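Nothing in this text is a laboratory measurement; each read-out follows from the coordinates by a stated rule. From a predicted model like this one, the values you see are computed outputs, not experimental measurements. Cβ: placed from backbone, ideal geometry, glycine included. Neighbour counts: every protein chain shown.
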C-alpha cells in the first residue's frame, strides 16, 4: 500500500483534493478528524489542553470551544508550541495505527494522509509520496474568510503558524496550484492519480 501525504496551508484546497482521491477509491486518513476525535469531552487530551489553556476553552457541556482555543493560541508562538507539544504525539500514534490497519486489511492500494501540519508535526517519514497544495495568498485569505467567517487578521494568524509554501514545496513530490479553481485543480490531481497507479 502506498501512502500519499496531502498538505498545504489554510485555504489551499485540501478538502477538494481529499474528495478527489476518495472518489477514486483511495482510503482517507484525516489528521484533523483524528484530532477532533481525540479531543472529545472526557478525553485525557482535552483535559490536558484545558489545564494548559484554562477552562474558558471548554463549552458548558464540556466540549472543546475551538474558537476560544484558537483565540488563546494563534498570534502567540509560545502558545502554539505548547498546543503542538500536547497534541502532536497522540495524533501521530493514531495515524500510525490507522496506516497499519489499512495495510493489514489489504483492501486499498493507496491511502491518503491529509492534514495542514503534516510537515510541522514530523509526519513526512510516514508517507511514501507528498502532494503539497498552494494558492495565491489573497485567494487563500478570501476563501477562509468566506468559509469560516474569520477576519483577515484571524486568517493571517493561522497562516503564520504554518510552514511557508516554499518550505513545503522543497519536501514535495508534487505541488498543485489551486488558485484557478476546481476544474484546473482536478486536472492536475487526475495526472497525479494516473502516475500513482502506473
Checklist entry - Does segment 112-126 contain at least one residue that is over 17 Å from residue 35 (Cα atoms) and crowded, with 18+ Cβ neighbours inside 10 Å? => result no
Next on the checklist: Within segment 4-107, considering only helices (runs of 4 or more DSSP H) that don't extend past its boundaries, which have at least 2 residues that are under 18 Å from the mean Cα position of the chain (by Cα)?
Outcome noted: 14-23, 31-38, 66-73, 77-105
Checklist outcome for this item: Among (1) surrounded by 14 or more Cβ atoms within 10 Å (Cβ to Cβ); (2) touching a helix residue (DSSP H, G or I) at 6+ places or on another chain (Cβ under 7 Å); (3) without any contact (Cβ under 8 Å) to a residue 40 or more places away in the chain, residue 152 falls short only on (1)
